[in-house]
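A short write-up of the structure that comes next.
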Amino acid sequence: MAVGGLIWSLVGVAMWVMQVTMSPDTLAAMPHAQRAVYAATPAWINGVFGLAVSTGVLGCIGLLMRRGWAASVLLVSLMAVLVQRVGAYLTTPAWDASGAGGLVLPALLILFAFGLWRYAVRAGSGAPSAAGAALS
C-alpha cells in the first residue's frame, strides 16, 4: 500500500507541476469549459494542491521508513485534498464544466487520501512486527 501510495502521490506531483507550468499553447488547446476553470482557479487552490501532493509523498516515504509521524503527515494531505476539491467547486465554474459526473474523480481522490491515512494510523498502532509485515 505504501509503495502504491507513493507512486500515486508522485503522479499527483507531476499533475501539480503541469497545472502550475501550463503553457499558453496547452491552455489554448483545452476545451472552453476547461479553460474557464483554469482561468478562474485562484492561486491559493494551486498552493493547497501542492501541499496535498507533497505531504502525500512525504507521508508515504514515512510509511516506507516505518515512521510514526507518517499518519499525521497523511492527515495533512487528506485535509489539503478536501480543501482543494471543495475550494475548486466553490470558486470556479467546475460544476458547469463537468456536472455531477465530474465529482467521480474528486471523490476517488478523497477516498484514496482517506485510505492512505487510515492505513498509516493502523500501521502505526499495531505491534512492530505486524506493522512491518503490513508495510512490506
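Among the criteria (1) in contact with a Pro (Cβ under 9 Å, 6 or more places away or on another chain); (2) over 18 Å from Q84 (Cα atoms); (3) of a type outside the set (D, E, K, R), the one G62 does not fulfil is (1).
Figure legend. Inter-residue proximity from segment 30-49: first residues of a type in the set (F, W, Y), second residues assigned to a helix (DSSP H, G or I) and surrounded by 13 or more Cβ atoms within 10 Å (Cβ to Cβ), beta-carbon distance below 6 Å, spacing 6+ or different chains. Indicated pairs: F49/W16; F49/Q84. Taken as a whole, segment 11-19 holds no residue that is of a type outside the set (A, V, I, L, M, F, W, C), out of contact with any strand residue (DSSP E or B) (no Cβ under 6 Å at 6 or more places or on another chain) and not in a helix (DSSP H, G or I).
Test L111 against the stated conditions and say whether it is touching a helix residue (DSSP H, G or I) at 6+ places or on another chain (Cβ under 7 Å), modelled with pLDDT of 95 or more and closer than 21 Å to L10 by Cβ. Talk me through it step by step, then tell me what you get.
On the way: touching a helix residue (DSSP H, G or I) at 6+ places or on another chain (Cβ under 7 Å): no; modelled with pLDDT of 95 or more: yes; closer than 21 Å to L10 by Cβ: yes.
Taking the combined requirement at face value, the residue does not satisfy it.
Among the candidates L27, L63, L111, L103, the residue that is in contact (Cβ under 8 Å) with a residue 24 or more places away in the chain and part of a helix (DSSP H, G or I) is uniquely L63. With the structure loaded, tell me whether V83 is assigned to a helix (DSSP H, G or I), touching a helix residue (DSSP H, G or I) at 6+ places or on another chain (Cβ under 6 Å), surrounded by 18 or more Cβ atoms within 10 Å (Cβ to Cβ) and modelled with pLDDT of 95 or more or whether it fails that test. No.
Assess whether G124 counts as being surrounded by 17 or more Cβ atoms within 10 Å (Cβ to Cβ) and at pLDDT 95 or above. So G124 does not fit the description; no. State whether the residues of segment 9-24 include one that is more than 21 Å from A94 (Cβ to Cβ), surrounded by 12 or more Cβ atoms within 10 Å (Cβ to Cβ) and either of a type in the set (S, T, N, Q) or without any contact (Cβ under 8 Å) to a residue 12 or more places away in the chain (or both). The answer is yes, given that some residue of segment 9-24 is more than 21 Å from A94 (Cβ to Cβ), surrounded by 12 or more Cβ atoms within 10 Å (Cβ to Cβ) and either of a type in the set (S, T, N, Q) or without any contact (Cβ under 8 Å) to a residue 12 or more places away in the chain (or both).
The values are calculated or read from the model by the stated rules, or taken from the named source; none is laboratory data. Computed from a predicted model, the values in this text were never measured in an experiment. For neighbour counting, all protein chains shown are included, and Cβ atoms are generated from backbone atoms with ideal geometry for every residue, glycine included.
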